[in-house]
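*Asks:* Sharing a structure below in structure tokens format, with a few things to ask.
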Amino acid sequence: MIAENIENIKQNIIEILEKQNRSWNDITLLAVTKTHPEKKIEEALLNGIECIGENKVQEAERKIPNLSVPYREFHFIGHLQSNKINKLMPLRPTLIHTIDKLSTATKLNRYCEKHGRKQAILIQVNTSEESSKSGIKPEETETLIEKIRVLPHIQIKGLMTIGKLTTDKEEIRACFRLLKKLFDQIQRKNLSQVQMQYLSMGMTSDYQIALEEGSNLIRIGSAIFGSRTYH
Ligand SMILES: *Cc1c(COP(=O)(O)O)cnc(C)c1O
């Protein structure tokens with residue numbers, strides 16, 4: 001069933017991209033593996049998935065090193081508490097999607113300095129004005145980027161958002177449109193140490209809208225693995 005889900009979603013993505021003269025190779029499909037056991041993750045990796053994402057450090061620590069099928073990239077997509085940096089970093093995340101504070105970036109930079117590493121990150125923006133969501137306010141994003149970009153071991157590679165939790169598609173679209181606008185604005189400034197390469201937006205319920213609005217990194221869980229049960 002996972003193989004079939006992946007094939008269906010891939011076809012769906014390709015159809016959307018064709019309308020914009022983009023192709024499969026222009027985007028990254030991140031399979032969000034949270035709550036799912038290693039067996040299911042391995043099945044996805046055997047059926048075309050190359051990049052996997054987790055949102056809790058403890059769960060990632062338990063599962064990611066145990067996988068018996070190789071993956072190309074592991075991304076961290078959950079809220080990162082600075083006291084978990086030491087636990088997350090040995091898992092070698094290719095990208096951390098969720099930096100929204102200078103203090104976390106500073107601690108991450110310190111870890112990287114100590115271990116002779118660099119870390120690619122995205123800035124998480126709260127585009128929906130929902131107080132429950134993490135993310136920097138859109139109007140404060142550039143200022144935060146100006147502060148983080150001077151940290152020598154941190155590489156800013158783009159922006160991430162979670163669309164508004166609503167059934168109103170136009171409200172969701174407005175979130176994605178806002179992030180794309182910020183992305184383009186920042187890209188035009190050509191700031192040193194800042195690459196606007198990834199625009200991470202879109203999940204199972206709204207990836208179609210996100211792709212239409214220019215997303216190039218979609219984070220898909222349920223459409224690949226089925227619904228999640230939390231214990
Ligand atoms: C869980 C999660 C997803 C995937 O959600 P689905 O609706 O299952 O596709 C994407 N992004 C983040 C940040 C998540 O926590």
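*Asks:* Give the number of residues within segment 81-112 that are surrounded by fewer than 14 Cβ atoms within 10 Å (Cβ to Cβ) and of a type outside the set (S, T, N, Q).
*Replies:* Count: 3.
*Asks:* Also, I was wondering about something else. Can you name the residue in segment 196-206 that is within 11 Å of the ligand (Cβ to nearest atom) and of a type outside the set (D, E, K, R) and is also surrounded by the most Cβ atoms within 10 Å (Cβ to Cβ) among such residues?
*Replies:* M201
*Asks:* A further question follows. Between K189, K180, which is over 25 Å from E43 (Cβ atoms), buried (at least 16 other Cβ atoms within 10 Å of the Cβ), basic (K, R) and away from the ligand (no atom under 16 Å from the Cβ)?
*Replies:* K180
*Asks:* Still on this structure: Quick check, is T204 of a type in the set (S, T, Y) and either touching a helix residue (DSSP H, G or I) at 6+ places or on another chain (Cβ under 6 Å) or outside any loop (DSSP other than H, G, I, E, B) (or both)?
*Replies:* Details: of a type in the set (S, T, Y): yes; either touching a helix residue (DSSP H, G or I) at 6+ places or on another chain (Cβ under 6 Å) or outside any loop (DSSP other than H, G, I, E, B) (or both): yes.
Yes.
*Asks:* Could you say which residue among E73, E59, E18 is among the acidic types (D, E), away from the ligand (no atom under 16 Å from the Cβ) and at negative phi?
*Replies:* Only one candidate passes the filter, namely E18.
*Asks:* Next up: Mind listing whichever residues of segment 212-222 are polar (S, T, N, Q) and either part of a loop (DSSP other than H, G, I, E, B) or more than 8 Å from the ligand (Cβ to nearest atom) (or both)?
*Replies:* S215, N216
*Asks:* So which of K133, K157 ends up being within 22 Å of V32 (Cα to Cα), at pLDDT below 95 and either surrounded by 16 or more Cβ atoms within 10 Å (Cβ to Cβ) or touching an Asp or Glu at 6+ places or on another chain (Cβ under 6 Å) (or both)?
*Replies:* That would be K133, the only listed residue that is within 22 Å of V32 (Cα to Cα), at pLDDT below 95 and either surrounded by 16 or more Cβ atoms within 10 Å (Cβ to Cβ) or touching an Asp or Glu at 6+ places or on another chain (Cβ under 6 Å) (or both).
*Asks:* Report yes if I209 is in a strand (DSSP E or B), within 16 Å of the ligand (Cβ to nearest atom) and of a type in the set (A, V, I, L, M, F, W, C), otherwise no.
*Replies:* Against the criterion (in a strand (DSSP E or B), within 16 Å of the ligand (Cβ to nearest atom) and of a type in the set (A, V, I, L, M, F, W, C)), I209 does not qualify.
*Asks:* Something else about it: Of the conditions (1) surrounded by 16 or more Cβ atoms within 10 Å (Cβ to Cβ); (2) farther than 27 Å from R117 by Cβ; (3) in contact with a Ser or Thr (Cβ under 8 Å, 6 or more places away or on another chain), L165 clears all except one; give me its number.
*Replies:* Of the numbered conditions (1) surrounded by 16 or more Cβ atoms within 10 Å (Cβ to Cβ); (2) farther than 27 Å from R117 by Cβ; (3) in contact with a Ser or Thr (Cβ under 8 Å, 6 or more places away or on another chain), the odd one out for L165 is (1).
*Asks:* Condition first: of a type in the set (S, T, Y) and within 19 Å of L151 (Cβ to Cβ). Can you find one or more residues in segment 56-79 that meet it?
*Replies:* Within segment 56-79, none of the residues are of a type in the set (S, T, Y) and within 19 Å of L151 (Cβ to Cβ).
*Asks:* Still on this structure, please answer the following. Need pairs with beta-carbon distance below 8 Å; first residue at pLDDT 95 or above and within segment 90-103, second surrounded by 15 or more Cβ atoms within 10 Å (Cβ to Cβ) and of a type in the set (D, E); sequence gap 6+ or separate chains.
*Replies:* Taking only residues 6 or more apart or on different chains, the pairs are L91/E61.
*Asks:* If you check Q119 against the conditions, is it surrounded by fewer than 16 Cβ atoms within 10 Å (Cβ to Cβ) and at pLDDT 95 or above?
*Replies:* The answer is no for Q119.
*Asks:* For segment 132-142, check the following and say yes or no: at least one residue is under 28 Å from R173 (Cα atoms), assigned to a strand (DSSP E or B) and of a type in the set (S, T, N, Q).
*Replies:* Within segment 132-142 (the criterion being under 28 Å from R173 (Cα atoms), assigned to a strand (DSSP E or B) and of a type in the set (S, T, N, Q)), the answer is no, since none of the residues qualifies.
Residue by residue, here is whether (1) under 30 Å from T106 (Cα atoms); (2) in a helix (DSSP H, G or I) holds:
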{"position": "N8", "(1), (2)": "no, yes"}
{"position": "L17", "(1), (2)": "no, yes"}
{"position": "N25", "(1), (2)": "no, yes"}
{"position": "I41", "(1), (2)": "no, yes"}
{"position": "G48", "(1), (2)": "no, no"}
{"position": "I64", "(1), (2)": "yes, yes"}
{"position": "S68", "(1), (2)": "no, no"}
{"position": "F74", "(1), (2)": "yes, no"}
{"position": "H79", "(1), (2)": "yes, no"}
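The values are calculated or read from the model by the stated rules, or taken from the named source; none is laboratory data. Model, not experiment: these values are computed from the prediction. Here Cβ is always computed from backbone atoms with ideal geometry, including for glycine, and neighbour counts include all displayed protein chains.
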